[in-house]
Amino acid sequence: MSASQIPPATAVTGDDVPTLLVKIFGKDRPGITAGLFDTLAAYSVDVVDIEQVVTRGRITLCALVTAPSPAQGATGSSEGDLRATVHSWAESLNLQAEIISGRGDNRPRGTGRSHVTVLGHPLTAESAAAIAAAITATGGNIDRIFRLAKYPVTAVEFAVSGAATEALRSVLAPEAAQLGVDVAVVAAGLQRRAQRLVVMDVDSTLIQDEVIELFAAHAGCEAEVAEVTTAAMRGELDFEQSLHARVALLGGLDASVVEAVRKEVRLTPGARTLVRTLKRLGYQVGVVSGGFTQVTDALKEELGLDFASANTLEIVDGKLTGRVTGAIVDRAGKARLLREFAQQAGVPLAQTVAIGDGANDLDMLNAAGLGVAFNAKPVVREAAHTAVNVPFLDTVLYLLGITRDEVEAADTHE
């Protein structure tokens, strides 16, 4: 059929066209969907829309179809016959049927469309009610809800229209913090499916440790270094000054400690799954760190990362000098590196995702298309686009619309 022969959509779904909403409920089993449409086919109706969901073995199947034309040579309409036939078919399978007359297609969705992802551990009815009410308060309409994951957290996604993404985010962020759930709001559209670049902080994000504290433990100055690190992450100290002060305490350590520290590094739960899944999807993944290349280079090789940048501990004659070499990767440096990685990857900055936990990650989180504060300090949670406060790094996948089932299926067929 040529383009000129294709009938216009309004011929089927115009507001003046009579339509029927056929709803089927009951215990799910194979063949229900095929059986319903086989029954409807006898009346030569056109399918306008279909929606089906199965929850704990119970099916809800909705079909919006054009109303059948009056029976030829009959005084009445064949709509009555269709209703009787559908009800009879449903009863034969111990299903319930409801048929509602109307006109036209679904009403157009409002302008401004977003995906609202909610993570709960657990997700309570109180939280779901509050989030739904907050969406309504912004003028948004919930068009669809579906579950992304049930493990290790419950993750559900609301497709919302009629409200601006930023307006939704500003209302839902404080609501989520009060409820103790995590909420991410991202704009809907093709860009969500486009190739992306994900850039992560390392210490207390990709890994559970603060690398400089691992080095400090070998130097016997762990407490002193930890105190400075904590203050720096809270934004109370200039990062570069604090870095030089902490590294100076490592002077004189034998270079063999580098290998020992590499072995002590513990990946965050879900880190391997996150990177593996992103790479399968064709995403590029990088790390930027205020830590040290002596560790990040090993992580890059182990995880197959595309990019990695960090500070470098100076080693002379087999000893740490207590100094770093080259440009310092600080707060501004992380944002600069995000932009450089994006340019090298050929990915617009709007298509980047940044993940971090400390104050020195803030510029990077704000520069990215989506900034995720991962188990972050309060100042970071308040400033980032969204926050994740569960100890599983792979939950970030749900913010990108990737379901747990998809992740597990990919692992099974590897």
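The numbers here are math on the coordinates, done by the rules we state, and not lab data. It should be emphasised that the depicted structure is a prediction, and the values quoted were computed from it without experimental measurement. Cβ: placed from backbone, ideal geometry, glycine included. Neighbour counts: every protein chain shown.
For the reader, a short list of remarks on this structure follows.
- For the stretch 257-414, the C-alpha radius of gyration divided by 2.2 N^0.38 Å, with N the number of residues, is 1.08.
- Calculated FRET efficiency for the pair A167/D38, C-beta based, R₀ 51 Å, to 0.05: 0.65
- Full extension of the chain between L21 and I315 yields a length gain of 98.5 nm, computed as 0.36 nm times the residue separation minus the alpha carbon distance.
- In the stretch 88-211, taking the dipole from charged Cβ atoms about the Cα centre, the farthest positive-side position among A173, A130, G189 is held by G189.
- Hydrodynamic analysis of the stretch 87-204 uses the Kirkwood radius over alpha carbon pairs. Inserted into Stokes-Einstein at 4 °C and 1.567 mPa s, it gives a translational diffusion coefficient of 78 µm²/s.
- Its Cα centre serving as origin, the chain has a Cβ charge dipole (Lys and Arg +1, Asp and Glu -1) of approximately 800 debye.
- Here the stretch 142-207 is treated as an ellipsoid with the same Cα gyration tensor; its semi-axes, largest first and in whole Å, are 22, 18, 15.
- Here the Kirkwood formula, the inverse mean of 1/r across different C-alpha pairs, assigns the stretch 85-154 a hydrodynamic radius of 15.9 Å.
- Surface/4 of the Cα convex hull for the stretch 154-255, nm²: 10.5
- In angstrom, the C-alpha Rg and Dmax of the chain are 27.7, 102.
- Dividing the summed helix terms, -39500 (n - 2.57) for each DSSP H run of n ≥ 4, by the number of residues in the chain produces a 222 nm estimate of -11000 deg cm²/dmol to the nearest 500.
- About the centre of its Cα atoms, the stretch 312-377 shows a dipole size close to 60 debye [charges on the beta carbon of Lys, Arg (+1) and Asp, Glu (-1) only; nearest 20 debye].
- GluC sites (Glu not before Pro) within the stretch 195-278, DSSP loop, no more than 15 other Cβ atoms inside 10 Å: E236
- With the convex hull drawn around the C-alpha atoms of the stretch 210-341, the volume per residue stands at 112 Å³.
- Note that the stretch 266-312, at 4 °C in a medium of 1.567 mPa s, gets a Stokes-Einstein diffusion coefficient of 118 µm²/s from its Kirkwood radius over C-alpha pairs.
- Between A194 and T325, the contour length at 0.36 nm per residue exceeds the Cα-Cα span by 43.4 nm.
- Compared with the dominant Cα axis of the chain, that is its longest principal axis, helix 125-137 is turned about 80°.
- Modelled spin-label separation between R272 and Q241, with each label point placed 7 Å from Cα along the Cα-to-Cβ direction: 4.2 nm.
- Considering only Y283, Y398, Y43, the mean-square fluctuation computed in a Gaussian network model of the chain, springs between alpha carbons under 10 angstrom, is largest for Y43.
- Value of Rg to Rh for the stretch 14-168, rounded to two decimals, is 1.06; Kirkwood radius and Rg both from alpha-carbon coordinates.
- For the cross-link pairs K279/K319; K27/K279; K150/K279; K300/K334; K150/K300, the ones whose C-alpha atoms lie over 28 Å apart are K279/K319; K27/K279; K150/K300.
- Applying both filters, DSSP loop and at most 14 other Cβ atoms within 10 Å, to the trypsin sites (Lys or Arg not before Pro) of the stretch 244-339 gives R266.
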